[in-house]
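Trainee: Just dropping this structure here.
The values are calculated or read from the model by the stated rules, or taken from the named source; none is laboratory data. Predicted, not measured: the structure shown is a model, and the values here were computed from it. Note that we place each Cβ from the backbone using ideal geometry, even for glycine, and neighbour counts take in every protein chain shown. Areas reflect the complete protein model, heavy atoms only, side chains present, ligands, DNA and RNA absent. Shrake-Rupley method; radii C 1.70, N 1.55, O 1.52, S 1.80 Å.
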Amino acid sequence: RKEVEQDPGPFNVPEGATVAFNCTYSNSASQSFFWYRQDCRKEPKLLMSVYSSGNEDGRFTAQLNRASQYISLLIRDSKLSDSATYLCVAGGTSYGKLTFGQGTILTVHP
Amino acid sequence: DTEVTQTPKHLVMGMTNKKSLKCEQHMGHRAMYWYKQKAKKPPELMFVYSYEKLSINESVPSRFSPECPNSSLLNLHLHALQPEDSALYLCASSQGSLAGPGELFFGEGSRLTVL
């Protein structure tokens, strides 16, 4: 089983749609969870940290369910500029390892 | 406008060459990382340095040799690479703490082609 697994995608949605990405992680000792965004031929950039209480940043909402070892990202009112690969990241104990999921490609079309 | 700087941005080398990738951060971060990313794949962890000491080596072949001269610098020395080592090599840093590594800040990467 992969350490971090994501919806394979790709997701192809119209502008204004709501889209949800899911991710599961296998290491119950994981302490740190993030969603990163990566544009084509660019480096990954942090989109959001994910907390058990859930967190929201504008159109983006992230949730963590430790009991189910499950992370989600909800994007509301999708924009063309949201088109990218979304990477779920989990892991880390002190200075430890952060593992990326395989990524989900999102394309938002007019 | 990344705060992690990697050089060179592009590198082409033969299988007998020796080259180095360099990474620098001035955010005072205590953890630095090398990741390797192939096309259409996620970044894969290679090495982690914390407080200038190698803390994780993900069974990387010895033709890749990391070095951390000080808390701001991270090098990756390359020798006798294979064509399948061609990839984007990403350096990252994080604040790190006992609670966890914290978010990763990535450089723009060094795109390596091995002929």
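Trainee: Hey, any hits in the range B:68-89 for a residue that's among the hydrophobic types (A, V, I, L, M, F, W, C), within 19 Å of A:W35 (Cα to Cα) and in contact (Cβ under 8 Å) with a residue 12 or more places away in the chain?
Mentor: no
Trainee: Same structure again: So which residues in the range B:1-47 are outside any strand (DSSP E or B) and of a type in the set (A, V, I, L, M, F, W, C), if there are any at all?
Mentor: Matches in the range B:1-47: B:M15, B:M27, B:A39.
Listed here are the residues, each with its yes/no results for (1) at pLDDT below 95; (2) more than 9 Å from chain A (Cβ to nearest Cβ); (3) crowded, with 21+ Cβ neighbours inside 10 Å.
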| site | (1), (2), (3) |
| --- | --- |
| B:K41 | yes, no, no |
| B:S55 | yes, no, no |
| B:H77 | no, yes, no |
| B:D85 | no, yes, no |
| B:S93 | yes, yes, yes |
| B:R111 | no, no, no |
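Trainee: I would also like to ask the following. Within the set of pairs 6+ apart or on separate chains, which have a first residue in the range A:24-44 that is touching a residue at least 40 places away in the same chain (Cβ under 8 Å), a second that is open to solvent by 50 Å² or more (accessible area, probe 1.4 Å) and hydrophobic (A, V, I, L, M, F, W, C), and C-beta atoms under 6 Å apart?
Mentor: Listed pairs, sorted by first residue: A:Y36/A:L46.
Trainee: For the range B:55-115, give me every one of the strands (runs of 3 or more DSSP E) that falls completely inside it and has 2 or more residues that are β-branched (V, I, T).
Mentor: On the way: elements: B:64-70, B:73-79, B:87-94, B:110-114.
Once the strands (runs of 3 or more DSSP E) in the range B:55-115 are filtered for at least 2 residues that are β-branched (V, I, T), what remains is B:110-114.
Trainee: Here is a follow-up. In the range A:78-108, how many are open to solvent by less than 70 Å² (accessible area, probe 1.4 Å) and closer than 15 Å to A:P14 by Cβ?
Mentor: Residues meeting the conditions: 6.
Trainee: Would you confirm, using the coordinates I've provided, whether B:Y35 is within 26 Å of A:A84 (Cβ to Cβ) and in contact with a strand residue (DSSP E or B) (Cβ under 7 Å, 6 or more places away or on another chain)?
Mentor: So B:Y35 fits the description; yes.
Trainee: Let me ask another. Looking at the range A:15-56, which of its residues are open to solvent by 30 Å² or more (accessible area, probe 1.4 Å), of a type in the set (S, T, Y) and either in contact with a helix residue (DSSP H, G or I) (Cβ under 7 Å, 6 or more places away or on another chain) or within 12 Å of chain B (Cβ to nearest Cβ) (or both)?
Mentor: A:Y51
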